[in-house]
Amino acid sequence: MDSIPYTERRNAITMNIDTDTPEGIVDLIHECNMEVFNGYENHTGLSDDTILNKLDQFVSLVRINLQTENSIIVLSGCGTSGRIGFLAATFFNELCLQQNLPPKYRYIIAGGNSALVTSIEACEDDPVIGTKELQCITDTYEHVLFVGITCGLSAPFVGGQLEYCLNNPQKFTPVLIGFNPVSMARRTHVSKWINDTTFYDISLRMETTAGALVINPIIGPEPISGSSRMKGGSATKVILDTVFYLASCNNMMKASEVIEMYRTAVGTMEIEGQDMATVVEQAGECLLNNASIRYVGSSTFGIWGMIDASECVPTYNSSYNDIRGFMANDYFRKNLNPEPPLSFVSPALHEATPDDLSKTFEDLPPSSIVVFIDKDYLLQKPLVEKLQEKGHHIVWIKILSTELFDPNSNVKIIDLSKCIPSTDVTMQYSSAEIILKLCLNTISTGAHVMKGKVFQNIMIDVRVSNVKLFYRAIDIIKSLAGVDYQTAERCLIQSIYQTNDIINDKTIDQHIMAVASNHDHVVPIALLMSLSNCSYTEAKLKMDKCPIIRDICTGTNQSST
Ligand code: F1P
């Protein structure tokens, strides 16, 4: 256990989340979220003195950069980490403009703009592309504060960029954000990293280089093991918002005071637990009945919806149409890095801002759920009525809206406005975003738990879309089926290639590419093969009869043969 990185460990709090009630699921996730602020085991989370000290140093670095000519701040990451970097860059650039300062924040996400709303995970294994993108974006600047985010201290895409910064100290000041000690940084080799460099080597260099900063509080394992979009994403957001907020204002607040404000706001979410549980229950039923979940929101609130929805695909192998987010204004497109149109490989990106939402929602399966975020519920009243006429469920997540609620409208309300601290507008908006993120994560995670996509607290239908997830899948099979590494790996590979043959002439990169065209339940089938010592064909047949993946692990499914 000791050698397993914290970000991959199982959280004792959620060991039985899969059999809990919706209320229980919401409470357990909340309890885990609070560990970000309150600590885990003997670690103190974001309140750790060393970390707070480093955050104050980070603030000074940002302040200097904001005042220096010909300088920028680059935020880079893969998956959720890249998405949170994008949102922070967009938000704080707006603040710069409001303060008549040049917008200095830039973002890089592995896989480009499409990866903001779609899982394009394989790019995170490429340190060379990471470096090239960094060179390209920083080419004309003299000073760069580079912030590499990788929750597990694992993504080679970010590793390559940090290495480039360390090799060019006259121009770059690198900061690394993640949630493991450096000793647990990933030591796996990836094919494209020359000299067999690993993320561990780079983390070690970061830790021992004067001027470089490693911000790596231990915030405890995720509610669903390895789901770093949850606590990892939230902690990343708190860190970035705290630092950029403090750097942008002239008050003498310390990082600890700002973090305390977030802690109180998140802690208060408990009072809405019952309403969130009702929505989790509805959302779970919705997925079980093949209906859909939709989020609608404007500006960054809408983007949070799209992001939450997109993350369910790699985490739970959910289909693109199960949960989707839509923008009610054009904010998203306006804030994207310029890219050639052909690189927009994601349909979610094209379809992000439909002209007519009611047309888009015309074909929703019966009893779907549409979640309106904040003011959009009021702006979209005619759409709400249409959807209700068709028997869909409407949820309103109220955060910053001060409108009163019509009690006869048959709309389920989650009133998070009570959690917003009375402080300045920037902090209020940022707190609203983190609270919204946690609420959406709870709904989508809870719904997938109820759908049976989680066994105990393990994501048993994870998509094997990069090296990290390949090894995670092997660990899941190994521990749940009680088989050795070789058996777990063989079953996984046979399931990926949908064959009973032994495949031993292909690389991990090829396995991952093959997953892209195999939408079957790759990991559950491999698990079934390991559990029942059967062939791919037999396991696939059993699997096709099993609508609830969790039943495989409990043995319910095996009796059907
Ligand atoms: C990056 C990431 C996650 C995603 C999945 C695959 O992880 O893309 O955001 O949920 O786990 O990896 P990290 O580099 O932040 O650890």
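Annotations
- Surface/4 of the Cα convex hull for the stretch 1-45, nm²: 3.4
- Taking only alpha carbon atoms, the stretch 458-555 gives an Rg to Rh ratio of 0.91, where Rh is the Kirkwood radius.
- Part-to-part distance (alpha-carbon centres) for the stretch 455-484 and the stretch 348-387, which is given in Å: 36
- Rounded to the nearest angstrom and listed largest first, the equivalent-ellipsoid semi-axes of the chain from its Cα gyration tensor are 34, 31, 22.
- On the stretch 458-555, 49 percent of the accessible area sits on carbon and sulfur atoms, based on a 1.4 Å probe.
- Kirkwood analysis of the Cα pair distances in the stretch 16-136 returns a hydrodynamic radius of 17.4 Å.
- Computed over neighbours whose Cβ is under 9 Å from that of Ser318, the net charge equals 0, Lys and Arg +1, Asp and Glu -1.
- Share of carbon and sulfur in the accessible heavy-atom surface of the stretch 1-110 [1.4 Å probe, %]: 49
- Ordering of 367-379, 207-219, 402-414, 73-85 by burial proxy (mean other Cβ atoms within 10 Å per residue, highest first): 73-85, 367-379, 207-219, 402-414
- Across the stretch 44-253, the volume of the C-alpha convex hull divided among the residues equals 117 Å³ per residue.
- Across the stretch 167-182, coupling constants 3J(HN,Hα) worked out from phi with the 6.51/-1.76/1.60 Karplus curve, θ = phi - 60°, read 7, 10, x, 5, 10, 10, 10, x, 10, 10, 10, x, 10, 9, x, 4 Hz, and Gly and Pro carry x.
- Whichever lysines have a C-alpha closer than 16 Å to that of Lys478, once near sequence neighbours (fewer than 8 apart) are set aside: Lys468
- D (Stokes-Einstein, µm²/s), Kirkwood Cα radius, the stretch 271-451, 1.002 mPa s at 20 °C: 129
- When the chain is described by a simple charge dipole with +1 on each Lys and Arg Cβ and -1 on each Asp and Glu Cβ, the residue from Asn33, Ile493, Ile84 located farthest towards its positive end is Ile493.
- Proximal lysines to Lys386, defined as alpha-carbon separation beneath 20 angstrom and excluding residues fewer than eight positions away on the same chain: Lys359, Lys375, Lys412
- Other-chain or far-sequence residues with amide H under 5 Å of Ile108's (modelled H): Leu75, Ser76, Gly77
- The packing ranking of peptides 330-337, 19-26, highest mean first, is 19-26, 330-337, where packing means the average number of other beta carbon atoms within 10 angstrom of each residue.
- The mean accessible area for residues of the chain, using a 1.4 Å probe and ignoring ligands and nucleic acids, is 38 Å² per residue.
- Rounded to 5, the percent of DSSP beta bridges in the chain classed as antiparallel: 5
The values are calculated or read from the model by the stated rules, or taken from the named source; none is laboratory data. Computed from a predicted model, the values in this text were never measured in an experiment. Cβ atoms come from the backbone with ideal geometry, glycine included; neighbour counts cover every protein chain shown. Ligands, DNA and RNA are stripped out before the accessible areas are found, and what is left, the full protein with its side chains, is counted by its heavy atoms. Shrake-Rupley method; radii C 1.70, N 1.55, O 1.52, S 1.80 Å.
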